[in-house]
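Below is one structure, written out as C-alpha coordinates; the observations come after it.
The values are calculated or read from the model by the stated rules, or taken from the named source; none is laboratory data. Predicted model only: the values in this text are computed from it and were never measured. Here the Cβ positions follow ideal geometry from the backbone for every residue, glycine too, while neighbour counts run over all protein chains shown. SASA here: full protein model, heavy atoms, side chains in, ligands and nucleic acids out. Shrake-Rupley method; radii C 1.70, N 1.55, O 1.52, S 1.80 Å.
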Amino acid sequence: MRSAQGALVMLADMPWVSTADINSLIEAFFAHRCRPIIVATCGSVRGNPVILPRSLLGEVANLKGDLGARNIIRGSNLPVVEVDIGPSALHDVDTMEALVAAGGIVS
(Lines give C-alpha, C1' and ligand atoms only; values in the text may rest on other atoms or scores of the structure.)
Protein backbone atom coordinates (compact mmCIF):
# COMPACT_ATOMS: atom_id res chain seq x y z
CA MET A 1 0.00 0.00 0.00
CA ARG A 2 1.26 3.45 -0.87
CA SER A 3 1.37 6.19 1.80
CA ALA A 4 -0.28 9.56 1.32
CA GLN A 5 2.08 12.26 0.08
CA GLY A 6 0.04 15.01 1.74
CA ALA A 7 -3.40 16.11 2.82
CA LEU A 8 -5.84 18.51 1.20
CA VAL A 9 -7.55 20.64 3.83
CA MET A 10 -10.85 22.15 2.76
CA LEU A 11 -13.46 24.02 4.74
CA ALA A 12 -16.98 22.60 4.62
CA ASP A 13 -18.60 26.01 4.19
CA MET A 14 -17.04 26.97 0.84
CA PRO A 15 -19.71 26.05 -1.73
CA TRP A 16 -18.03 27.72 -4.70
CA VAL A 17 -14.90 25.56 -4.62
CA SER A 18 -15.28 23.27 -7.62
CA THR A 19 -13.83 19.95 -8.64
CA ALA A 20 -11.75 21.84 -11.20
CA ASP A 21 -10.35 24.05 -8.42
CA ILE A 22 -9.38 21.03 -6.34
CA ASN A 23 -7.83 19.34 -9.38
CA SER A 24 -5.74 22.48 -10.06
CA LEU A 25 -4.36 22.35 -6.52
CA ILE A 26 -3.58 18.64 -6.73
CA GLU A 27 -1.89 19.06 -10.12
CA ALA A 28 0.33 21.82 -8.68
CA PHE A 29 1.21 19.60 -5.71
CA PHE A 30 2.33 16.74 -7.93
CA ALA A 31 4.04 19.08 -10.41
CA HIS A 32 6.25 20.24 -7.52
CA ARG A 33 7.02 16.65 -6.40
CA CYS A 34 4.69 16.75 -3.35
CA ARG A 35 7.12 18.92 -1.37
CA PRO A 36 5.72 22.46 -1.09
CA ILE A 37 2.60 23.77 0.56
CA ILE A 38 -0.09 24.55 -2.01
CA VAL A 39 -2.42 27.44 -1.19
CA ALA A 40 -5.50 28.54 -3.12
CA THR A 41 -5.62 32.27 -3.77
CA CYS A 42 -7.81 34.95 -5.27
CA GLY A 43 -5.34 37.34 -6.82
CA SER A 44 -2.69 37.85 -4.17
CA VAL A 45 -4.97 36.98 -1.22
CA ARG A 46 -4.48 33.53 0.27
CA GLY A 47 -7.52 31.45 1.13
CA ASN A 48 -8.58 27.80 1.08
CA PRO A 49 -8.23 24.92 0.30
CA VAL A 50 -4.60 24.11 1.02
CA ILE A 51 -2.49 21.02 0.50
CA LEU A 52 0.07 20.22 3.17
CA PRO A 53 2.90 17.79 2.43
CA ARG A 54 3.39 14.68 4.55
CA SER A 55 6.25 16.34 6.45
CA LEU A 56 3.74 18.66 8.20
CA LEU A 57 0.99 16.16 9.03
CA GLY A 58 2.33 15.43 12.52
CA GLU A 59 2.12 19.12 13.41
CA VAL A 60 -1.41 19.31 12.03
CA ALA A 61 -2.45 16.33 14.17
CA ASN A 62 -1.29 18.24 17.26
CA LEU A 63 -3.44 21.33 16.59
CA LYS A 64 -5.95 22.16 19.32
CA GLY A 65 -9.13 24.21 18.97
CA ASP A 66 -9.97 26.38 15.99
CA LEU A 67 -6.45 27.54 15.15
CA GLY A 68 -6.09 26.30 11.61
CA ALA A 69 -2.71 25.61 10.08
CA ARG A 70 -1.69 29.23 9.39
CA ASN A 71 1.10 29.21 11.99
CA ILE A 72 2.36 25.83 10.81
CA ILE A 73 2.57 27.18 7.26
CA ARG A 74 4.39 30.34 8.39
CA GLY A 75 6.89 28.45 10.53
CA SER A 76 7.56 25.53 8.22
CA ASN A 77 10.29 27.05 6.03
CA LEU A 78 8.78 25.08 3.14
CA PRO A 79 8.10 26.77 -0.17
CA VAL A 80 4.52 27.91 -0.68
CA VAL A 81 3.02 27.65 -4.15
CA GLU A 82 -0.02 29.82 -4.74
CA VAL A 83 -2.69 28.64 -7.18
CA ASP A 84 -5.23 31.29 -8.19
CA ILE A 85 -8.69 29.73 -8.24
CA GLY A 86 -10.51 33.05 -8.11
CA PRO A 87 -13.20 34.18 -5.65
CA SER A 88 -14.06 30.64 -4.57
CA ALA A 89 -10.85 30.64 -2.48
CA LEU A 90 -12.25 33.37 -0.25
CA HIS A 91 -16.01 32.81 -0.23
CA ASP A 92 -17.32 30.95 2.79
CA VAL A 93 -20.76 30.75 4.33
CA ASP A 94 -20.57 31.76 8.00
CA THR A 95 -23.97 33.41 8.51
CA MET A 96 -27.60 32.71 7.62
CA GLU A 97 -27.49 35.66 5.21
CA ALA A 98 -24.44 34.24 3.47
CA LEU A 99 -26.14 30.83 3.27
CA VAL A 100 -29.18 32.30 1.55
CA ALA A 101 -26.98 34.41 -0.77
CA ALA A 102 -25.14 31.21 -1.77
CA GLY A 103 -28.44 29.56 -2.72
CA GLY A 104 -29.15 27.73 0.52
CA ILE A 105 -32.58 27.39 2.07
CA VAL A 106 -33.31 28.22 5.68
CA SER A 107 -36.46 26.64 7.07
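Observations
- Remark: residue 93 falls outside the filter, which requires a residue to be modelled with pLDDT of 80 or more, aliphatic (A, V, I, L, M), open to solvent by less than 60 Å² (accessible area, probe 1.4 Å) and under 20 Å from residue 31 (Cα atoms).
- Note on segment 42-80: residues that are part of a strand (DSSP E or B) and open to solvent by 50 Å² or more (accessible area, probe 1.4 Å) total 2.
- The single condition among (1) of a type in the set (A, V, I, L, M, F, W, C); (2) under 13 Å from the mean Cα position of the chain (by Cα); (3) over 30 Å from residue 96 (Cβ atoms) that residue 4 does not satisfy is (2).
- Residue within segment 63-74 that is under 13 Å from the mean Cα position of the chain (by Cα) and closer than 28 Å to residue 100 by Cβ present: yes
- Some residue of segment 30-37 being farther than 30 Å from residue 107 by Cα, under 12 Å from the mean Cα position of the chain (by Cα) and part of a strand (DSSP E or B): yes
- First in segment 82-107 and without any contact (Cβ under 8 Å) to a residue 24 or more places away in the chain, second anywhere and part of a loop (DSSP other than H, G, I, E, B) and open to solvent by 40 Å² or more (accessible area, probe 1.4 Å), Cβ under 7 Å, 6 or more apart: 96/106; 99/106; 100/106
- Single residue of segment 10-29 satisfying the filter (touching a helix residue (DSSP H, G or I) at 6+ places or on another chain (Cβ under 9 Å) and either in a strand (DSSP E or B) or open to solvent by less than 60 Å² (accessible area, probe 1.4 Å) (or both)) that is nearest to residue 85 (Cα to Cα): 21
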